[in-house]
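The values are calculated or read from the model by the stated rules, or taken from the named source; none is laboratory data. Since we're looking at a predicted model, the values are computed, not measured. Using ideal geometry, Cβ is built from the backbone for each residue, glycine included, and neighbour counts are taken over all protein chains shown.
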Amino acid sequence: MSTVLAPAPSRLTAVARVHAQNWQIAFLWPIGILAVIAGITWTVLALVPRGSAEVNTGGASFVFFFGLVLFAQSVNQFFPFVSGLGVTRWEFFRATAAVVGVHALLFGTLMIALSLVERTTDGFGVGMRLFSLTAPVAGSVVIEFLFFVTLIALANTLGVLAGAIYLRWRAVGLWATGLLLTVLLGVVVVVFTWQSWWVPVGSAIADSPRPVTMVLLPLALTAPAAPGVWAVLRRTTV
C-alpha cells in the first residue's frame, strides 16, 4: 500500500500564514475597540431623551486607520524575517497583497453586517448611527459594502507602502514623504482656490454616480499605491 504525501503549501500561502500570526491583533483588537466605542455611544444616547441628540460619532472609521498602522507594522516585522528564509521580494509582495484583500473583505463584511443591524433596530434602539452611512450617500447596500471594502483596502495598502518606505529609508523617508504630500496638497489647494474650482469640482463629484465616487475613486487611489510598494520593496535591503 503506497502512501501519497500531501503537497507542501505554496510559498505564497506560507508567507500569508506568517502574516496570520498577528490574527489576534488584526481582528480581535479592532473588534474589541469597536465594541467599546459602540457601548459608550449607546450608553450616552440611552441616558438622554430620545430625539434630543443626533449622534453620528464616526468612531467606526478607526478601522481604516487601524489597518494602515497594522500593515505598516507587519511589513517591518515580517519582511526581514521571511527574506532571511529565502522568500523573494515578489513573493512577499504578492502574499501581502492577498492578505490586504482578505482583511478588507472580512472587515467590509463586518461593517456592512453591523450597518444592517443598526438600521434594522433603529440604531440599536436609541437612534445611534455609528456603522451605517446615510441612505443618500450610500445609494444601496451593495455600494455601501463595496465602499467599505475598497476604502479599507486603500488604507491597508497605504500602510504597506508606509512600512516599505520605513524599511528602505527609515524615519527620514517617512518624514520626507509626509513633507512631499503636504507640499502637493498645498499646491492643489492654492490652484483650486486661484482658479475657483472648488464649487464645480464639488458639484461634479456630488452629481457623479455613487459607484464612481464611492468605489472607483478608492480603487483609483489604490492603483498607484500598489506599484509604489513594489518599487520600494524591490530596492529594500535587510
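So, residue 82, is that one touching a helix residue (DSSP H, G or I) at 6+ places or on another chain (Cβ under 8 Å), over 14 Å from residue 153 (Cβ atoms) and not in a helix (DSSP H, G or I) or not?
No, not satisfied.
Let's see how each residue does on (1) in contact with a Leu (Cβ under 8 Å, 6 or more places away or on another chain); (2) surrounded by 11 or more Cβ atoms within 10 Å (Cβ to Cβ); (3) within 21 Å of residue 232 (Cβ to Cβ); (4) at pLDDT 90 or above:
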site: 12; (1), (2), (3), (4): no, yes, yes, no
site: 16; (1), (2), (3), (4): no, yes, yes, yes
site: 24; (1), (2), (3), (4): no, no, no, no
site: 35; (1), (2), (3), (4): no, no, no, yes
site: 47; (1), (2), (3), (4): no, no, no, no
site: 54; (1), (2), (3), (4): no, no, no, no
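Working carefully through the options 118, 144, find the one that is touching a Ser or Thr at 6+ places or on another chain (Cβ under 7 Å), surrounded by fewer than 21 Cβ atoms within 10 Å (Cβ to Cβ) and among the charged types (D, E, K, R).
From the options 118, 144, the qualifying one is 118.
Can you find even one residue in segment 75-83 that is within 17 Å of the chain's Cα centre (by Cα) and buried (at least 17 other Cβ atoms within 10 Å of the Cβ)?
yes
Looking at residue 106, is it part of a helix (DSSP H, G or I), within 30 Å of residue 129 (Cβ to Cβ), modelled with pLDDT of 90 or more and touching a Leu at 6+ places or on another chain (Cβ under 7 Å)? Reasoning before the result, please.
Details: part of a helix (DSSP H, G or I): yes; within 30 Å of residue 129 (Cβ to Cβ): yes; modelled with pLDDT of 90 or more: yes; touching a Leu at 6+ places or on another chain (Cβ under 7 Å): no.
So residue 106 fails the test.
Tell me which residues, restricted to segment 98-115, are among the small types (Gly, Ala, Ser), within 20 Å of residue 20 (Cβ to Cβ) and surrounded by fewer than 19 Cβ atoms within 10 Å (Cβ to Cβ).
Listed by number, the residues that qualify are 98, 101.
What are the pairs, 6+ residues apart or on separate chains, where a residue within segment 74-98 that is on the phi > 0 side of the Ramachandran plot has its Cβ under 9 Å from a residue that is charged (D, E, K, R) and part of a helix (DSSP H, G or I)?
Between residues of segment 74-98 that are on the phi > 0 side of the Ramachandran plot and residues that are charged (D, E, K, R) and part of a helix (DSSP H, G or I), the close pairs are 86/11.
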